[in-house]
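Presented below is the structure to which this report refers.
The values are calculated or read from the model by the stated rules, or taken from the named source; none is laboratory data. Note that the structure is predicted; figures quoted are calculated from it, not measured. Here the Cβ positions follow ideal geometry from the backbone for every residue, glycine too, while neighbour counts run over all protein chains shown. For the accessible areas, the whole protein counts, side chains as well, though only heavy atoms, and no ligand, DNA or RNA atoms are used. Shrake-Rupley method; radii C 1.70, N 1.55, O 1.52, S 1.80 Å.
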Amino acid sequence: MYGAVSKSYKTFNVFNILFLTLLGLMMFLPFLNVIAQSFSSSSAITAGKVTFWPVDFTLINYEYVFSDASIWRAFGVSVFVTIAGTMINLIATATLAYPVSRPEYVGRRIIVLLVLVTMIFSAPLIPNFLLIKNLHMMNTPWALIIPGAVSAFNFFVMHSFFKQLPPEIIDSARIDGCGELGIMVKMVAPLSKPVMASLGIFYAVGHWNAYMSALYYIDQPKWWPLQVKLKRMFETDDISIDPGASQFSDLAHTSPEGIKMATIIIATLPIIMIYPFLQRHFVKGLTLGAVKS
Amino acid sequence: MKRKTNKDNGIWRLIWKYKALYLISIPSILYFLIFKYIPLGGSIIAFQDYNIFKGFSGSDWVGFAHFAEMFKHYDFLRILNNTVLIGLYDLIFSFPAPIILAILLNELRLVMFKRVIQTVVYMPHFLSWVVIAGMSVAILSPTTGVLNQLLVLFGIDPLYFLGDNSYIRGVLVGSGIWRDTGYGTILYLAALAGINPELYEAAQIDGANRWKQTLRITLPALLPTIMILFLLHIGKFLDFGFERVWVFLNALNTENGEILDTYIYRAGLLSQQYGYTTAVGLFKSVVGLVLVMMGNLFSRKTTGESLY
């Protein structure tokens, strides 16, 4: 690409390819190990025989996970929080970022400052906790959604996106007889699909993976999202056994490792499945955030 | 736009004309006031002997007693030490990793290979910390873990990575590197893509080899990005993150692994020492703010780059 290549550069290239291949394997093999364990029998796992391929192939771990109502429930909570939360995130972020991006909005500097301060300086845990408690949001899924309705960083990304929309678009819509709401719905909303998709991905992954807010604000198993359920399974080794499901009792008492790995797979599957779509958007979203100033 | 005469009238007319804009922005403004600024105000309980039944107004004032108590507390000093050390390791090892990886990726001429590697290295970023901790338990287990099986293969005794105070900091920083290095390259790769190729051609004509080109062209071109990300990193110095530590902690590694955030949760929410832990949290926020401001000033003086 840059003309003649020296011998030392060729050597470097070979080592670079080798190094990056090794690095790629280091990133990838842990996944393979978890998949292999999830399909292996407990005896094979305890004996330390499972590396990157299932030993004594079995589906019993998945059968257990699928028969556990509490895992299903947690899955449902996570799905709800992710879908409702992301929608609220996008609407709340856009309805602030768009007006503030318009030069007609008196006081936009104050609003930007209001958001900026929260990014640099945030309140400690306890005052936040007391607020949620006083609002009676404890042990409701809203405690997982509302306190994070707008991310300051994403607000700035969206704000800079709206700011660089040509004002002529808005003017032309006005000439066509659009009111302010019409401009938003008919002109701005369709144009902002790319930024909505990128930020939607960030918000959605955040909700799906959220653990901390649930730990703080939810102590009833009824509203545990998947991550909390998963963590509980890891820390207690307590895999509740349905008395009726005798085929699992032996499994759970000896080694629940396979079950944990199967749950990890289930908890990660939605992200893996949308990953190709995800990759296209997060690169865009991240570099979009970088050009703001 | 605004006429000097009748200015107030003009503003109100402007607001009325664009009332739709103001109306839709109200809910989110309220959100920031309620969920960000009220807790900020609530931080005054750091100076109170807060009683949950008496509330903010009824609780007794204790001044800086909680802060004084903090610096006398053995637990606090140990945990502050952990936090600073882990933050320092993270700065030394995690921060440069994406820069190096981005430069190496940028040297690749095989487009397909580059794409595959990128896809693979971005991936771990999308796993939750709970999942990563679960995977780590499986992989690092002294009896069944793949890593220890590998060590045994090389004649090394299995190490109990998660059950030993001497390894926990390494595990915390290492798992972060595993998760975020690839993802961190995105911004650097974008900056690299923006370098004018003519610069390299000119350097080549002047007889600079590839290494010299990296030193003289690539690194200086990356410097603004590096500086901004460094400032952001510095601001989070005491803020390693609650989740990524909490998921790895157990009775055997808490001594060296516990950081301020997990301490605040344990002492604050679980033991309900509200005033004291708010003081700890406030201390953390203020140190973070001071670090950002110092870093910003330093950066503006030396490179002209700054966050604000």
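Which of the numbered conditions does B:Val245 fail, given that it passes all the others? Conditions: (1) open to solvent by 60 Å² or more (accessible area, probe 1.4 Å); (2) in contact (Cβ under 8 Å) with a residue 12 or more places away in the chain.
Failing condition for B:Val245: (1).
What is the number of the single condition among (1) open to solvent by 20 Å² or more (accessible area, probe 1.4 Å); (2) modelled with pLDDT under 85 that B:Gly174 does not meet?
(2)
In region A:177-190, which residues are surrounded by fewer than 14 Cβ atoms within 10 Å (Cβ to Cβ) and either of a type in the set (A, V, I, L, M) or on the phi > 0 side of the Ramachandran plot (or both)?
Result: A:Gly177, A:Leu181, A:Val185, A:Ala189.
Of everything in region B:74-83, what is open to solvent by less than 60 Å² (accessible area, probe 1.4 Å) and of a type outside the set (Ser, Thr, Tyr)? Give them in sequence order.
Result: B:Asp75, B:Phe76, B:Arg78, B:Ile79, B:Leu80, B:Asn82.
Which ranges mark the helices (runs of 4 or more DSSP H) fully within region B:83-177 that have 3 or more residues being under 22 Å from B:Trp246 (Cβ atoms)?
Qualifying helices (runs of 4 or more DSSP H): B:129-140.
Looking at the structure I just gave you, is A:Val157 under 23 Å from A:Leu199 (Cα atoms), crowded, with 18+ Cβ neighbours inside 10 Å, of a type outside the set (Asp, Glu) and in contact with a Phe, Trp or Tyr (Cβ under 7 Å, 6 or more places away or on another chain)?
Criteria not met by A:Val157.
Which residues, taken from region B:249-262, are within 11 Å of chain A (Cβ to nearest Cβ) and open to solvent by less than 10 Å² (accessible area, probe 1.4 Å)?
Across region B:249-262, the qualifying residues are B:Leu260, B:Thr262.
Tell me whether region A:112-134 contains one or more residues that are more than 8 Å from every other protein chain (Cβ to nearest Cβ) and within 28 Å of B:Ile139 (Cα to Cα).
no
Which residues, taken from region B:288-308, are more than 12 Å from chain A (Cβ to nearest Cβ) and either open to solvent by 30 Å² or more (accessible area, probe 1.4 Å) or hydrophobic (A, V, I, L, M, F, W, C) (or both)?
Answer for region B:288-308, where residues must be more than 12 Å from chain A (Cβ to nearest Cβ) and either open to solvent by 30 Å² or more (accessible area, probe 1.4 Å) or hydrophobic (A, V, I, L, M, F, W, C) (or both): B:Met294, B:Leu297, B:Phe298, B:Arg300, B:Lys301, B:Thr302, B:Thr303, B:Gly304.
Quick one: in region B:268-287, which of the residues that are touching a residue at least 40 places away in the same chain (Cβ under 8 Å) and of a type in the set (A, V, I, L, M, F, W, C) is nearest to the other protein chains (Cβ to nearest Cβ)?
This residue is B:Leu282.
Working only within region B:112-141, note down all residues that are open to solvent by 40 Å² or more (accessible area, probe 1.4 Å), more than 16 Å from A:Pro276 (Cβ to Cβ) and aliphatic (A, V, I, L, M).
Once the filter is applied, which keeps residues that are open to solvent by 40 Å² or more (accessible area, probe 1.4 Å), more than 16 Å from A:Pro276 (Cβ to Cβ) and aliphatic (A, V, I, L, M), region B:112-141 yields only B:Val137.
Residue by residue through region B:216-228, note down the ones that are closer than 13 Å to B:Leu192 by Cα and either open to solvent by 60 Å² or more (accessible area, probe 1.4 Å) or away from chain A (no Cβ under 13 Å) (or both).
Answer for region B:216-228, where residues must be closer than 13 Å to B:Leu192 by Cα and either open to solvent by 60 Å² or more (accessible area, probe 1.4 Å) or away from chain A (no Cβ under 13 Å) (or both): B:Leu219, B:Pro220, B:Ala221, B:Leu223.
Of the conditions (1) among the hydrophobic types (A, V, I, L, M, F, W, C); (2) open to solvent by less than 70 Å² (accessible area, probe 1.4 Å); (3) at pLDDT 85 or above, B:Leu14 fails just one. Which one is it?
The single condition B:Leu14 does not satisfy is (3).
Any chance region A:165-173 includes a residue that's away from chain B (no Cβ under 14 Å), open to solvent by 60 Å² or more (accessible area, probe 1.4 Å) and polar (S, T, N, Q)?
no
Quick one: count up the residues across region A:70-103 that are hydroxyl-bearing (Ser, Thr, Tyr) and surrounded by fewer than 23 Cβ atoms within 10 Å (Cβ to Cβ).
Adding up the residues that qualify gives 4.
Within the set of pairs 6+ apart or on separate chains, which have a first residue in region B:142-168 that is facing another protein chain (nearest Cβ under 10 Å) and open to solvent by 70 Å² or more (accessible area, probe 1.4 Å), a second that is at pLDDT below 85 and part of a loop (DSSP other than H, G, I, E, B), and C-beta atoms under 7 Å apart?
These pairs meet every condition: B:Thr143/A:Gly48; B:Val152/B:Pro158.
Go through region A:198-249 and give me each residue that's modelled with pLDDT under 90, open to solvent by less than 30 Å² (accessible area, probe 1.4 Å) and over 17 Å from A:Thr268 (Cβ atoms).
Passing the criteria: A:Ser198, A:Ile239, A:Ala245, A:Phe248.
Would you point out which residue out of B:Leu269, B:Leu260 is modelled with pLDDT of 90 or more, within 26 Å of B:Phe56 (Cβ to Cβ), out of contact with any strand residue (DSSP E or B) (no Cβ under 7 Å at 6 or more places or on another chain) and not polar (S, T, N, Q)?
Testing whether each residue is modelled with pLDDT of 90 or more, within 26 Å of B:Phe56 (Cβ to Cβ), out of contact with any strand residue (DSSP E or B) (no Cβ under 7 Å at 6 or more places or on another chain) and not polar (S, T, N, Q) leaves just B:Leu260.
Quick check on region B:39-56. Is at least one of its residues more than 8 Å from chain A (Cβ to nearest Cβ), among the small types (Gly, Ala, Ser) and open to solvent by 50 Å² or more (accessible area, probe 1.4 Å)?
no
Would you point out which residue out of A:Val106, A:Val77 is among the hydrophobic types (A, V, I, L, M, F, W, C) and either more than 10 Å from every other protein chain (Cβ to nearest Cβ) or assigned to a helix (DSSP H, G or I) (or both)?
A:Val77
How many residues are farther than 13 Å from B:Gly182 by Cβ, within 14 Å of chain A (Cβ to nearest Cβ) and of a type in the set (S, T, N, Q) if we restrict to region B:81-124?
Of the residues in that region, 1 qualify.
Answer yes or no: is there a residue in region B:276-287 that is open to solvent by 30 Å² or more (accessible area, probe 1.4 Å), modelled with pLDDT under 85 and either under 25 Å from B:Asn82 (Cβ atoms) or hydroxyl-bearing (Ser, Thr, Tyr) (or both).
No, that holds for no residue.
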